[in-house]
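Everything on this sheet refers to the single structure shown next.
Readers should treat all values here as calculations from the given coordinates under stated rules, not as data from a laboratory. Source: prediction; values computed, not measured. Cβ placement follows ideal geometry from the backbone for every residue including glycine, while neighbour counts extend to all protein chains displayed.
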Amino acid sequence: MTTEKIYKIETTLDDESPQVIGYVLERALELGALDAYTVAAQMKKNRPGVLLTLLARAADREVLTRLLLTETTTLGVRVEPSNRVVLKRKVHTVETKYGPIRVKVAAGKAVPEYEDCRSAARRAGVPLRIILQSISLASK
C-alpha cells in the first residue's frame, strides 16, 4: 500500500442541466481527475440537487477547479486536501478469444480494464458480461 496526497474538489448544484453535469464529469476525467461522481442531495428550499465531486492530484487541482467554475452554474467550490491509500498493482494482459484485455492485479484481486472490455464487446458484437466471463476463463 502507498499513501498519496490528493484533493477533493466539490460543489453542490440545484439548478444545472443533467446534460451539463454529465459533460462536466466526462471532461474532468479527460483533464486528469482520478475520479468524478455525483451524489443526490436535498438542497435548501427543498430542491433536489447533486453533490458533484472530483478527486485530483495536486498538478490537476487548478484546471479542475476552473472547470467547475466555468462549466457549471456554481458560484464557488470547496477544495480539501485528502489522503488516498492505494494498493500496489501490476497490469497484466490476458489473451481472450475476443482479443487482449488488460487486467490490474493487486492483493489477490484482479480487475479488468473497463475500456478494453467495452471495446472488445463492441468489436465482437457480444454483451459486456460475455467479455468479463472470457477473462475469467482465460486466466485459469
Output yes when any residue across region 2-13 is closer than 27 Å to V105 by Cβ, surrounded by 18 or more Cβ atoms within 10 Å (Cβ to Cβ) and not β-branched (V, I, T), and no when none is. no
Let me spell it out: the conditions are (1) exposed (fewer than 15 other Cβ atoms within 10 Å of the Cβ); (2) more than 24 Å from K5 (Cβ to Cβ); (3) of a type in the set (D, E, K, R), and D116 meets all of them except one. Which number is the exception? (1)
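Got a sec? Which of R129, R61, R123 is under 29 Å from K8 (Cβ atoms) and either over 19 Å from the mean Cα position of the chain (by Cα) or surrounded by 13 or more Cβ atoms within 10 Å (Cβ to Cβ) (or both)? Show your work before the answer.
Working: R129 fails: under 29 Å from K8 (Cβ atoms); R123 fails: under 29 Å from K8 (Cβ atoms).
R61 is the lone residue from the list that is under 29 Å from K8 (Cβ atoms) and either over 19 Å from the mean Cα position of the chain (by Cα) or surrounded by 13 or more Cβ atoms within 10 Å (Cβ to Cβ) (or both).
Quick one: which of E95, E80, E71 is over 14 Å from the mean Cα position of the chain (by Cα), under 30 Å from A124 (Cβ atoms) and not hydrophobic (A, V, I, L, M, F, W, C)? Steps first, answer last, please.
Values: E80 fails: under 30 Å from A124 (Cβ atoms); E71 fails: under 30 Å from A124 (Cβ atoms).
Testing whether each residue is over 14 Å from the mean Cα position of the chain (by Cα), under 30 Å from A124 (Cβ atoms) and not hydrophobic (A, V, I, L, M, F, W, C) leaves just E95.
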Evaluation of P81 against (1) part of a helix (DSSP H, G or I); (2) within 15 Å of I6 (Cβ to Cβ) (one fails), failing number: (1)
Over region 31-50, the set of residues at positive phi and among the polar types (S, T, N, Q) is N46
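Within region 87-105, which residues are aliphatic (A, V, I, L, M) and loosely packed, with under 12 Cβ neighbours inside 10 Å?
Initial filter on region 87-105 (aliphatic (A, V, I, L, M)): 87, 91, 94, 101, 103, 105.
Matches in region 87-105: V91 only.
Pick from V111, V85: which is aliphatic (A, V, I, L, M), without any contact (Cβ under 8 Å) to a residue 12 or more places away in the chain and over 16 Å from T11 (Cβ atoms)? Even if it seems obvious, please write down each step before you answer.
Numbers: V85 fails: without any contact (Cβ under 8 Å) to a residue 12 or more places away in the chain.
So the residue among V111, V85 that is aliphatic (A, V, I, L, M), without any contact (Cβ under 8 Å) to a residue 12 or more places away in the chain and over 16 Å from T11 (Cβ atoms) is V111.
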